[in-house]
Each structure stands twice: as C-alpha cells, then as structure tokens.
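Right, one structure below, let's go through it.
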Amino acid sequence: MGATSELLSNLFTAIQNNEKTNNLPAFINIDSSFIESPSFFPSFSDNIILEILEDVVASPQIIARIRNLKQRGFKFALDDFIFEPDRLKFLPYVDIVKIDISAISFENIKKSLPILQPYSLILLAEKVETEKEFEECLKLGFDLFQGYFFDKPEIVKGVEVSPSKQVALNLITELLREDITINEISTLISCDPRLVIKILLLVNSSYFSFSRKIENLREAIVMLGIKAVQQWVSLLLLASESESPLEIFRVLLSRAKALEAFAEIRAIKNKDDYFYLGLFSGLHALIGTDLETLLEKINLNKELKAALKGEENSIGNKLLIIKAIERFDFNLDKFNPKDVELLMQTYWQGAEWADELMDKLIKEI
C-alpha cells in the first residue's frame with residue numbers, strides 16, 4: 001500500500017499541475033480498499049473527482065470515511081448508479097451521479113429521478129450510444145453525457161443528402177484536389193459569402209498572430225497557405241452544416257489533430273490524409289447519412305476510404321488505435337506497440353487543440 005500511496009500521490013500532483021486537463025475535472029476510480037486506507041488521499045484538488053465504483057458496499061465504515069473526506073474538500077462521483085436501494089446511502093456525500101442508461105429504461109429513470117431531488121447533484125448519463133438516447137437524456141434533465149453516440153448516429157441507409165450539405169461536400173471535394181491553385185480556392189470560397197466572412201474572421205482572430213489586419217480573401221489564403229486553408233474550410237463547412245451536437249465535432253477534431261501529429265513525428269509524406277481520416281471518421285454522424293453514400297460523394301483516395309470504412313490497413317490501424325484510446329480500451333496487442341505509445345502521446349495533443357479551437361475560435365467566428 002505504501003507504493004500505491006506514493007504512486008497516487010504523484011498522480012494527484014501531476015493532475016494538479018497538468019495543463020492537459022485544461023482545469024477540467026479528472027475522474028479517478030476508487031474501490032473499498034482505497035477508501036479505507038489511511039495512507040491514500042495525500043492532498044485534495046478541485047480538479048479531481050473520486051469515482052466510487054459500483055462494487056463498493058455502503059457499510060457504516062465506508063460511509064464514515066467518505067463523510068470525513070468530503071469534509072476535507074474531496075469530491076465524489078457515484079459510478080454505474082441504477083437506483084439500487086443499498087447505494088442511496090452515498091447520495092448525501094457525492095457531487096455527481098453517473099446513471100448507466102444501458103442498464104435501466106428511460107421510463108424507470110423518469111420514475112426514479114424524484115429520489116435524487118433532495119440532493120444537490122450533477123446528473124451524468126453513461127453509455128449514451130445514439131443521438132436518440134442523447135436527446136432523451138436531455139429531456140430528462142441530465143447535465144453531462146458519456147458515451148459514443150457519434151459512432152452510432154441515427155441514420156437511414158441511402159437517404160439523399162440535403163442540397164446545402166451536398167454543396168458543402170462538393171466544395172470540400174474540389175478544395176481537396178492536390179493540384180488546386182490559390183486562384184481556384186479563392187473562386188470556390190467566393191461562391192459562399194458567409195464562408196468568405198468566416199475565413200476573414202478566422203485569419204484575424206486571436207488564434208493567429210499576424211501583425212496586421214487581413215482585409216481580403218486572397219491575402220488570407222496566401223497568409224494561411226493552401227494546405228491550411230483546405231483544412232480550415234473543411235472544418236468550417238462541416239461545423240456550419242452539421243445539426244449534430246458540437247461535442248461530436250470536438251471528438252473528431254481531436255482525432256484529426258492526434259493523427260496528423262502522429263504523421264508529422266513519423267515524417268509521413270501524406271500527413272494530410274491522417275488529418276482528414278480523423279475529421280471524416282464521423283462524417284456520417286455530422287451529415288446524417290450512411291457512410292457508403294457519403295464516400296461516393298467525396299473524392300478521397302482508396303486507402304483513406306477503406307480506412308474510413310473500418311478496414312485494417314496502414315492508415316486505418318492508427319484510427320482504430322485512437323478510437324480504442326478514447327474508450328480506455330488498452331487491449332491493443334495486435335498493433336505495433338511503438339504506434340500505440342506515440343498515439344497515446346498525440347491523443348492528448350489532439351484533445352488540447354480541439355478544446356482550444358472549440359472553446360475559443362469557434363465562438364469567435
């Protein structure tokens with residue numbers, strides 16, 4: 001237990017000082033042995049939520065220990081809660097209740113929610129896997145959501161893409177041509193006055209640090225560069241046309257940047273393919289149409305299309321690793337361990353970049 005205590009002490013300190021959390025809470029699972037240990041909990045941090053696992057019994061000793069830690073400033077979450085009577089004893093001492101929506105029906109959740117009203121709690125829905133489930137959780141008053149509903153969007157195979165989304169896809173396809181020129185990019189973007197305004201707002205935003213104001217589209221393209229403009233316009237078009245929750249977009253941005261950073265470190269020539277692999281890995285969720293239909297409408301190389309379909313190839317394997325990391329699924333023995341190690345590092349880079357982009361830039365433009 002001494003070694004464990006030292007390890008956890010170091011973890012607490014790292015979380016307190018780690019910019020990767022962006023001052024957001026970090027959840028740490030705890031079981032009965034940790035709760036009862038006198039040498040655990042070396043210090044407390046506002047950025048740490050201690051998550052009480054589902055197999056922790058609400059014994060008088062455990063409750064007393066949690067009460068004491070709560071008085072010392074620690075914050076707790078109750079994991080996998082499905083309104084079991086024995087676990088109601090935890091409610092006066094927790095800040096967040098995580099309800100597993102896969103283990104209890106929405107009807108029963110609705111009936112049981114009044115039990116939680118006497119307590120000041122944040123409700124977190126776990127295992128949200130479809131947009132329909134996400135919407136049901138919103139109706140019930142959940143505050144936070146955890147799950148992978150962007151990987152299982154409510155789509156209908158073969159549904160025709162709306163005219164506005166089709167225009168966006170056509171524009172993205174044209175912009176991604178390898179031989180495209182500055183003049184052609186300028187002409188394409190000029191067809192959409194809203195997009196011109198967004199590009200000018202982008203290039204003059206606090207995200208960039210150009211010494212003077214950029215006043216016209218061509219100058220903006222020159223300052224950003226063709227590759228950067230291709231990426232930014234793709235981002236802006238998908239963000240503006242999607243009716244899906246913005247959090248889906250945050251995850252896709254994180255994937256895109258993590259994969260691009262991986263390609264840069266490995267000096268892979270087609271690093272742009274890695275960026276678009278991440279960005280387009282949820283294209284079906286953003287547009288609301290099945291992936292097969294969408295891939296017919298957008299001009300991508302065969303390897304990239306195969307990777308987006310989930311096939312295991314040299315580039316697709318990197319996306320599979322990133323998705324596994326997102327799920328905290330580290331059963332990755334079949335992949336190159338050096339790839340796994342590097343992608344675990346770039347995963348955090350991607351998450352930081354996506355957070356900054358979503359929380360600052362998207363709001364500005």
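The values are calculated or read from the model by the stated rules, or taken from the named source; none is laboratory data. All values reported here derive from a predicted model rather than from experimental measurement. Cβ sites come from the backbone with ideal geometry, for glycine too, and all protein chains shown count toward neighbours. These area figures cover heavy atoms from the full protein model, side chains too; ligands, DNA and RNA do not enter into them. Shrake-Rupley method; radii C 1.70, N 1.55, O 1.52, S 1.80 Å.
So if I check each of F76, F90, which one is closer than 18 Å to I62 by Cα, assigned to a helix (DSSP H, G or I) and open to solvent by less than 40 Å² (accessible area, probe 1.4 Å)?
Details: F76 fails: assigned to a helix (DSSP H, G or I).
That would be F90, the only listed residue that is closer than 18 Å to I62 by Cα, assigned to a helix (DSSP H, G or I) and open to solvent by less than 40 Å² (accessible area, probe 1.4 Å).
The residues on offer are L308, L295, and the sole one that is more than 18 Å from Q349 (Cβ to Cβ), in contact with a Lys or Arg (Cβ under 7 Å, 6 or more places away or on another chain) and crowded, with 16+ Cβ neighbours inside 10 Å is L295. Scanning segment 53-86 for residues that are in contact (Cβ under 8 Å) with a residue 40 or more places away in the chain and either farther than 24 Å from K127 by Cα or aliphatic (A, V, I, L, M) (or both) returns a single hit, A77. If the Cβ limit is 9 Å and pairs must be 6+ apart or interchain, which residue in segment 169-180 that is of a type in the set (S, T, N, Q) pairs with which residue that is open to solvent by 60 Å² or more (accessible area, probe 1.4 Å)? Correct list of pairs: T173/N299. On the basis of being out of contact with any Asp or Glu (no Cβ under 7 Å at 6 or more places or on another chain), of a type in the set (D, E) and within 21 Å of V167 (Cβ to Cβ), does D179 make the cut? For D179, the condition - out of contact with any Asp or Glu (no Cβ under 7 Å at 6 or more places or on another chain), of a type in the set (D, E) and within 21 Å of V167 (Cβ to Cβ) - is not met.
Within segment 199-245, take every residue that is basic (K, R) and in a helix (DSSP H, G or I) and give me the one that is farthest from E129 (Cα to Cα). Give the steps one after another, and end with the answer.
Of all residues in segment 199-245, those basic (K, R) come to 212-213, 218, 227.
Restricting the remaining residues to those that are in a helix (DSSP H, G or I) gives 218, 227.
Numbers: R218: 43, K227: 34 Å.
By that ranking, first place goes to R218.
Of all residues in segment 268-284, those being over 18 Å from the mean Cα position of the chain (by Cα), part of a helix (DSSP H, G or I) and without any contact (Cβ under 8 Å) to a residue 40 or more places away in the chain number 1. Criterion first (touching a residue at least 60 places away in the same chain (Cβ under 8 Å), open to solvent by 80 Å² or more (accessible area, probe 1.4 Å), under 30 Å from L202 (Cβ atoms) and of a type in the set (A, V, I, L, M, F, W, C)) does I287 satisfy it? Here the answer is no, as I287 does not meet what is asked. When L217 is tested against (1) out of contact with any Asp or Glu (no Cβ under 8 Å at 6 or more places or on another chain); (2) open to solvent by 20 Å² or more (accessible area, probe 1.4 Å), exactly one condition is not met: (2). Taking segment 313-365 as the range and being in a helix (DSSP H, G or I), open to solvent by less than 10 Å² (accessible area, probe 1.4 Å) and at pLDDT 90 or above as the test, the residues that pass are G316, L319, I321, I322, L343, T346, G350.
Quick check: is even one residue across segment 45-63 part of a helix (DSSP H, G or I) and either open to solvent by 80 Å² or more (accessible area, probe 1.4 Å) or modelled with pLDDT under 60 (or both)? Write out each step before concluding.
So the first thing to find is which residues in segment 45-63 are part of a helix (DSSP H, G or I), and the list is 60-63.
Those still in the list that are either open to solvent by 80 Å² or more (accessible area, probe 1.4 Å) or modelled with pLDDT under 60 (or both) too: 60-61.
The answer is yes, given that some residue of segment 45-63 is part of a helix (DSSP H, G or I) and either open to solvent by 80 Å² or more (accessible area, probe 1.4 Å) or modelled with pLDDT under 60 (or both).
Out of everything in segment 159-182 that is hydrophobic (A, V, I, L, M, F, W, C) and outside any loop (DSSP other than H, G, I, E, B), what residue ends up being modelled with the lowest pLDDT?
Result: V167.
Tell me, which residue of segment 117-144 that is of a type in the set (F, W, Y) and open to solvent by less than 70 Å² (accessible area, probe 1.4 Å) is nearest to V251 (Cα to Cα)? For segment 117-144, the residue satisfying everything is F134.
Taking the conditions (1) part of a loop (DSSP other than H, G, I, E, B); (2) surrounded by fewer than 16 Cβ atoms within 10 Å (Cβ to Cβ) in turn, F83 satisfies each one other than (2). Only one entry of I248, I185 meets the criterion of being more than 20 Å from A351 (Cβ to Cβ) and part of a helix (DSSP H, G or I), and that entry is I185. Is segment 240-253 home to any residue that is more than 23 Å from I185 (Cα to Cα), open to solvent by less than 10 Å² (accessible area, probe 1.4 Å) and at pLDDT 85 or above? Scanning segment 240-253, I find at least one residue that is more than 23 Å from I185 (Cα to Cα), open to solvent by less than 10 Å² (accessible area, probe 1.4 Å) and at pLDDT 85 or above, so the answer is yes.
Considering (1) in a helix (DSSP H, G or I); (2) within 23 Å of E131 (Cβ to Cβ); (3) basic (K, R); (4) open to solvent by less than 30 Å² (accessible area, probe 1.4 Å), the lone condition that K98 does not fulfil carries the number (1).
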